[in-house]
Amino acid sequence: MKKFNFFNKISTKIAMSFSLTFVLTLLVLNIIIYISITTHINTLEQSLVVARKEVIVEEVNNIIFKSSTLGEKEISNIINKVRSHRDQIYVNLKFPKKTYQSFEKITLPYTIDIDQVGEYHFIKLKRNRFFYLNTIIKAPSGENIYIQLISDLKASDSLIDALTSTMLLIDLVGFIISIVTGVIFAKKTLKPINSISDTAELINLHNLNKRIEASNHDDEIGKLIKVINDMMERLERSFENQTKFISDASHELRTPLSIINGYVDLLSQWGIDNKELTKEALSSIKEEVFNMTDLMEKLLFIAREENTRYKLNLTNVDIPNLLKRVYKEFKMIDKKHTYLIHNISEFHGFIDEKLILQAIRALIENSIKYTPKNKQITISCEKKKSYFEIKVSDKGIGIPKKHIPKLFNRFYRVDEARTKDTGGNGLGLSIVKSIVDMHNGHIFIDSEVNKGTTITLKLPI
Ligand SMILES: Nc1ncnc2c1ncn2[C@@H]1O[C@H](COP(=O)(O)OP(=O)(O)OP(=O)(O)O)[C@@H](O)[C@H]1O
Ligand SMILES: [Mg+2]
């Protein structure tokens with residue numbers, strides 16, 4: 001069997017799409033978590049800086065508003081106050097004649113427009129993030145004191161970094177796990193498909209009896225296996241029927257052919273001078289040729305009906321009128337029986353006239369064959385609500401009950417000996433049945449030995 005490229009396998013495709021979906025979902029989720037946590041941390045840091053700014057502004061105000069000048073003493077008092085806060089928030093101060101920088105890594109701009117006061121500015125120094133907030137206080141003496149608060153975001157950033165790498169690790173592990181489980185799951189699910197193709201490969205005309213091992217899962221694949229097995233069952237049966245049909249048909253043809261062959265031998269042996277013999281041979285050959293033509297016609301009908309799903313030519317037909325025609329026809333050609341037709345008022349049926357006529361004739365021909373001389377054959381029809389019935393009944397020899405279910409099988413005859421002289425092939429009723437089936441109708445046989453037979457065709461209007 002053809003081995004598939006790894007990427008062409010359905011299992012790979014399923015596993016891939018499964019894990020891609022999983023990882024994408026995980027990634028989106030992580031991005032949302034990342035954004036909300038960083039926003040939250042930044043806001044937290046900012047509010048800490050603002051709180052510190054308020055404390056420092058208050059402390060500075062306390063010092064400068066006690067005296068009217070901003071002298072050395074006040075300045076060093078302010079610096080001492082600022083120094084006493086020891087944490088991640090640095091404070092830089094700028095007095096008219098002095099600066100104090102607790103954060104000396106970089107000189108940040110103090111120049112601030114009054115509008116800018118209170119705005120945050122982010123800076124990045126060697127992968128380390130800071131943000132700063134500038135503010136300004138006017139001393140009573142009129143001088144400006146610039147205050148700059150700088151918050152080191154190292155701690156929060158390392159928290160965010162740790163979070164990011166943990167999330168990436170989870171994504172990676174999730175991706176691997178989803179691929180592995182995806183492959184296992186897809187393989188397990190698709191395993192029956194391999195067994196389907198393995199079995200299908202083994203099936204050919206000589207072992208149509210192979211079946212795919214039934215899956216015990218009630219799912220799509222289980223259904224597929226059942227459908228394929230049912231199809232194989234039908235194929236096998238139809239193939240058997242076909243074979244039986246061919247062997248039966250050739251068997252049927254063998255008898256008339258050997259009779260013809262016998263007479264031809266006889267004629268060539270005794271010569272055509274023997275008038276008596278020639279007459280007998282020719283008449284027998286003619287009869288056999290007639291039988292063979294009849295058989296060929298029936299076989300052709302069956303083959304056509306089987307191969308091409310016979311196309312019905314449905315028309316609105318006056319059923320009683322049709323029966324009257326058949327009645328007249330048989331009354332004329334068969335003088336051995338008495339015919340009766342029930343008086344019926346007009347109604348129409350939507351049928352293929354040619355086929356229904358063929359079916360009625362086949363039924364009457366049976367009645368003729370299996371009804372002793374001078375007995376009655378009756379034809380009738382009746383309209384019911386959504387269907388109508390056509391009945392052909394006779395007062396003939398009847399059919400034993402046990403044979404009735406098999407009468408629609410091809411080549412089935414009740415009694416070989418009995419039909420030898422009446423010359424049937426056992427195809428008539430099977431053809432009638434398929435004609436009725438084509439019309440979505442039903443056929444019923446009611447018969448009693450030595451009393452007679454009634455065959456009813458029930459057809460939808
Ligand atoms: N009206 C009937 N009375 C008694 N037996 C019947 C009647 N109709 C059918 N049968 C029995 O059913 C068998 C099958 O009938 P069917 O019409 O299929 O075949 P056939 O008449 O033997 O041959 P064919 O119709 O192919 O010439 C007949 O051989 C006969 O034994
Ligand atoms: Mg018949």
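What follows is calculated from the coordinates using simple rules that are stated; it is not laboratory data. In this text the structure is predicted, and so the values were computed from the model without any measurement. Counting neighbours? That spans all protein chains shown, and the Cβs are built from the backbone with ideal geometry, glycine included.
Observations on the model:
- Relative intensity, log₁₀ I(q)/I(0), of the range 220-306 from a Debye sum that treats every alpha carbon as a point, q = 0.17, 0.20, 0.25 Å⁻¹: -0.80, -0.93, -1.13
- Count Lys and Arg as plus one, Asp and Glu as minus one, and take only other residues whose Cβ is under 14 Å from that of Gly182; the net charge is then +4.
- Charge dipole (Cα centre; +1 on Lys/Arg Cβ, -1 on Asp/Glu Cβ; no other charges) of the range 64-183 amounts to roughly 520 debye.
- Links that overshoot a 20 Å alpha carbon limit, given the list Lys383/Lys406; Lys9/Lys226; Lys210/Lys433; Lys81/Lys138; Lys385/Lys433: Lys383/Lys406; Lys9/Lys226; Lys210/Lys433; Lys385/Lys433
- Modelled FRET efficiency - R0 41 Å, Lys373 with Val227, Cβ distances, 0.05 increments: 0.15
- Taken as Cα centroids, the range 229-281 and the range 331-373 sit 29 Å apart, rounded to the nearest whole angstrom.
- Lys/Arg +1, Asp/Glu -1 at C-beta; the range 220-306 dipole; positive extreme among Asn291, His251, Ile225: Ile225
- Computed over the range 310-460, relative contact order equals 24 percent, with contacts defined as Cα pairs under 8 Å that lie 6+ residues apart.
- Dipole magnitude of the chain, debye to nearest 20 (Cβ charges: Lys/Arg +1, Asp/Glu -1, about Cα centre): 420 debye
- Peptides 389-400, 228-239 ranked from most to least packed by the mean count of surrounding Cβ atoms within 10 Å: 389-400, 228-239.
- With coordinates expressed along the principal axes, the C-alpha atoms belonging to the range 6-167 extend over 87, 26, 23 Å, beginning with the largest.
- Span-rule helices in the chain, defined as complete DSSP H runs reaching 18 Å or more along the axis (Cα) with Kyte mean at least 1.0: 10-64
- Dipole-positive endmost among Thr21, Tyr310, Gln46 within the chain (Cβ charges, Cα centre): Tyr310
- Between Thr38 and Val50, the modelled labels are 2.2 nm apart [label points 7 Å from Cα along Cα→Cβ].
- Scalar couplings 3J(HN,Hα) for the range 445-461, obtained by applying the Karplus form with A = 6.51, B = -1.76, C = 1.60 to θ = phi - 60°, are 10, 10, 8, 9, 4, 6, 10, x, 10, 10, 10, 10, 9, 10, 10, x, 5 Hz; x denotes Gly and Pro.
- Once the chain from Lys328 to Ile193 is taken as fully extended at 0.36 nm per residue, the excess over their C-alpha distance is 42.3 nm.
- Charge-dipole axis of the range 310-460 as Lys and Arg at +1 and Asp and Glu at -1 on Cβ define it, positive-most pick from His442, His403, Leu355: His403
- Listed pairs Lys286/Lys335; Lys324/Lys373; Lys286/Lys311; Lys402/Lys451 exceeding 26 Å between Cα atoms: Lys286/Lys311
- Relative contact order for the chain, counting Cα pairs under 8 Å that sit 6 or more residues apart, in percent: 10 percent
- Cα-based Kirkwood hydrodynamic radius, the chain, one decimal, Å: 33.5 Å
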